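Notes follow once the structure below has been shown.
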Amino acid sequence: MTKILIIYTGGTIGMVNDAQTGALIPFDFKQIQQNVPELARLNYQLDVHSFDPILDSSNMNPVIWAELAGIIGDSYHDYDGFVILHGSDTMAYTASALSFMLKNLNKPVVLTGSQLPIGEIRTDAKENLITALEIVATKNKGKAMVPEVCIYFDYQLFRGNRAIKYNSEKFEAFLSPNYHILAEAGVNLSFYSNYINPHPLEELRIQSRFNANIGVLKLYPGITPQAVQAITRSSVDAIILETFGSGNTTTASWFIASLQEAIDQDKLIVDISQCQGGSVELGKYETSKRLQQMGIISGFDMTFEATVTKLMYLMGQDLSHAQIAFLMEQSIRGELTS
């Protein structure tokens, strides 16, 4: 019998309306089982690990990511795969973080949740949960069909470190702007195997150390030296630079000097685009050529979520600045197209 561990962290999928305030508050997983009687019809052994207390996904952080990775690592050989019930707001961050922490992952880890609480008549929670379980259970020649960290939402399966939450009101809450979906749920489950990571040959290794001391500098027309230097002169170890188009910035001398000053202080700077689709191409235009010459790192087509978690992850390892800069521009878990 297929054995699946459901890790229940919280999120809208497990919320009910508080009788006094009307606000959404969490309840326990037993009530989810009562609201989804179809679970009893699945021919799977379902075990549950519930966080206590249940978390709003806005409170996710690297310590909790490490705890999640540890739960998976401790029970890795006891289950065919894992479903993580998680709030959708930071789901893409957690999925990206887990993809980097779980090196040589050979089993599916599928995050899912819902836009409406599971007790609502029109909820999307039932379909998301049941199909996530079916995806985890699917095998091809005895091996997991999708041996990677994924997000399943509204009939589509995304690579976890390629997904973004783009809508807070539609059931279609997630997109993968720069990578093909891994599977689609219609009358049948259709897997796009050409886009799924191959099975690794080595054993699972969990690397859960993070350095979260990073800053984010999002550019906009008219940005002032004070706004830029509040980040570049801060005590962060690295900066994510959200630029225009294919990686372009203002060429104002004070701006370039601010970036150079940060680099001279051994700060890593990663350039990603504010555009959801497309890739950074440093040097394509004059406005990014100076960045390339300075040693700014290209984030290519990584999502913001993948960039944040990958940078935290690499800085948490025993790596030199040069090694981190090199690996940021390489695909280590399928997170970028260089």
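Exactly one residue out of Ile272, Ile239 is crowded, with 19+ Cβ neighbours inside 10 Å, in contact with a Leu (Cβ under 6 Å, 6 or more places away or on another chain) and free of Cβ contacts under 8 Å to residues at least 60 places away in the same chain: that is Ile239. Scanning the stretch 309-328 for residues that are loosely packed, with under 15 Cβ neighbours inside 10 Å, of a type outside the set (A, V, I, L, M) and in a loop (DSSP other than H, G, I, E, B) turns up Gln317, Asp318, Ser320.
The set of residues from the stretch 208-231 being assigned to a loop (DSSP other than H, G, I, E, B) and of a type outside the set (A, V, I, L, M, F, W, C) comprises Ser208, Arg209, Asn211, Asn213, Tyr220, Pro221, Gly222, Thr224.
Scanning the stretch 239-264 for residues that are among the hydroxyl-bearing types (Ser, Thr, Tyr) and in a strand (DSSP E or B) yields a single hit, Thr243. For the stretch 288-299, the condition of being among the hydrophobic types (A, V, I, L, M, F, W, C) and surrounded by fewer than 18 Cβ atoms within 10 Å (Cβ to Cβ) holds for at least one residue. Restricting attention to the stretch 190-206, does a residue exist that is more than 21 Å from Ser288 (Cβ to Cβ), among the polar types (S, T, N, Q), in contact with a helix residue (DSSP H, G or I) (Cβ under 8 Å, 6 or more places away or on another chain) and not assigned by TED's automatic domain parsing to the domain that holds Ala322? So far as the stretch 190-206 goes, no, none of its residues is more than 21 Å from Ser288 (Cβ to Cβ), among the polar types (S, T, N, Q), in contact with a helix residue (DSSP H, G or I) (Cβ under 8 Å, 6 or more places away or on another chain) and not assigned by TED's automatic domain parsing to the domain that holds Ala322. Among the residues of the stretch 265-285, is there at least one that is part of a helix (DSSP H, G or I) and either in the same structural domain as Ile223 (by TED's automatic domain parsing) or in contact with a helix residue (DSSP H, G or I) (Cβ under 9 Å, 6 or more places away or on another chain) (or both)? No - not one qualifying residue is present in the stretch 265-285.
Those strands (runs of 3 or more DSSP E) of the stretch 98-207 in which at least 2 residues are surrounded by 22 or more Cβ atoms within 10 Å (Cβ to Cβ), considering only elements entirely within it, cover 109-112, 149-153, 156-159.
Against the list (1) over 13 Å from the mean Cα position of the chain (by Cα); (2) more than 14 Å from Ile206 (Cα to Cα), the condition Asn106 fails is (2).
Checked against (1) touching a residue at least 60 places away in the same chain (Cβ under 8 Å); (2) more than 17 Å from the chain's Cα centre (by Cα), Asp52 meets all criteria but (1).
The values are calculated or read from the model by the stated rules, or taken from the named source; none is laboratory data. The shown structure was predicted, so the numbers you read here are calculated from the model rather than taken from an experiment. Positions of Cβ are generated from backbone atoms using ideal geometry, with glycine treated the same way; all protein chains shown enter the neighbour counts.
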